[in-house]
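Some notes on the structure that comes next.
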Amino acid sequence: MIRIFCSLILFSLLFLTLSCTGSGKRNNSVAEGDTLSAAVEQADTTVAQLSQEEEFSRFIERFSRDSRFQLKRIMFPISVIVPDTGDEGMAPKEESIGKYDWEQLDLTYDSTYLTRPYDQYYQVVRFKNDTAVVEIRGINNGIYADYYFSKIENDWYLVTLFEASF
């Protein structure tokens, strides 16, 4: 429903823009048609991305609050990169976590985390094709983590993570 509504709005704006920029004479050139098709394609891409973001948002809420669902949506054993606490410089090392060693992850976020008195951080979700990366960045406190999700057969799965917090 939202996708159709957004498409209609974008198409209407595009139509108004093209009709208002005309000079009274009709010019049916190929370049004009290319511009229209490129604009429609860009509008479809924007609508698809908004829909994907909304769908991922619902998924991440359930993933964070339902431990059974979370365990079903992780590709175990999961490969993780974490700081080597035995190394003086805490160089990153790769580990593998099995299903029975997993601790529930909560990726819900609200803006108060940015202003609380300690452990302040912000969270951003980046999308590309059928992947999403939840990036968590602390503010002057060493929090740094990336959680990589992939869409597999129309379902989101956590496939790996990079935890460099110290």
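The values are calculated or read from the model by the stated rules, or taken from the named source; none is laboratory data. Here the structure is a predicted model, which means the values were calculated and not measured. Don't worry about glycine lacking a Cβ; one is built from the backbone with ideal geometry, like all the others, and counts go over all protein chains shown.
Scanning the stretch 131-147 for residues that are under 16 Å from ILE81 (Cβ atoms) and in contact with a helix residue (DSSP H, G or I) (Cβ under 8 Å, 6 or more places away or on another chain) turns up just one, VAL134.
Determine whether SER64 is touching a strand residue (DSSP E or B) at 6+ places or on another chain (Cβ under 6 Å), modelled with pLDDT of 75 or more, under 25 Å from GLN123 (Cβ atoms) and among the hydroxyl-bearing types (Ser, Thr, Tyr). Here the answer is no, as SER64 does not meet what is asked. Can you confirm whether PHE11 is exposed (fewer than 12 other Cβ atoms within 10 Å of the Cβ), at pLDDT below 90, over 30 Å from GLY142 (Cβ atoms) and more than 20 Å from the chain's Cα centre (by Cα)? So PHE11 does not fit the description; no. For the stretch 122-151, filtered to residues that are in contact with a Ser or Thr (Cβ under 7 Å, 6 or more places away or on another chain) and among the aromatic types (Phe, Trp, Tyr), the residue that is nearest to PHE63 (Cα to Cα) is PHE149.
Residues that are hydroxyl-bearing (Ser, Thr, Tyr) and either surrounded by 14 or more Cβ atoms within 10 Å (Cβ to Cβ) or at pLDDT below 95 (or both) number at least 1 in the following strands (runs of 3 or more DSSP E) confined to the stretch 86-166: 121-128, 144-152, 155-163.
Residues in the stretch 113-140 that are among the β-branched types (Val, Ile, Thr) and over 28 Å from VAL159 (Cβ atoms): THR115 alone.
Table: residues versus (1) charged (D, E, K, R); (2) under 16 Å from the mean Cα position of the chain (by Cα); (3) not assigned by TED's automatic domain parsing to the domain that holds LYS93.
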position: GLN104; (1), (2), (3): no, no, no
position: ASP119; (1), (2), (3): yes, no, no
position: VAL134; (1), (2), (3): no, yes, no
position: ILE143; (1), (2), (3): no, no, no
position: TRP156; (1), (2), (3): no, yes, no
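Restricting attention to the stretch 91-106, does a residue exist that is of a type in the set (Gly, Ala, Ser), out of contact with any Lys or Arg (no Cβ under 6 Å at 6 or more places or on another chain) and closer than 19 Å to ALA164 by Cβ? Yes, there is a match, as at least one residue in the stretch 91-106 is of a type in the set (Gly, Ala, Ser), out of contact with any Lys or Arg (no Cβ under 6 Å at 6 or more places or on another chain) and closer than 19 Å to ALA164 by Cβ.
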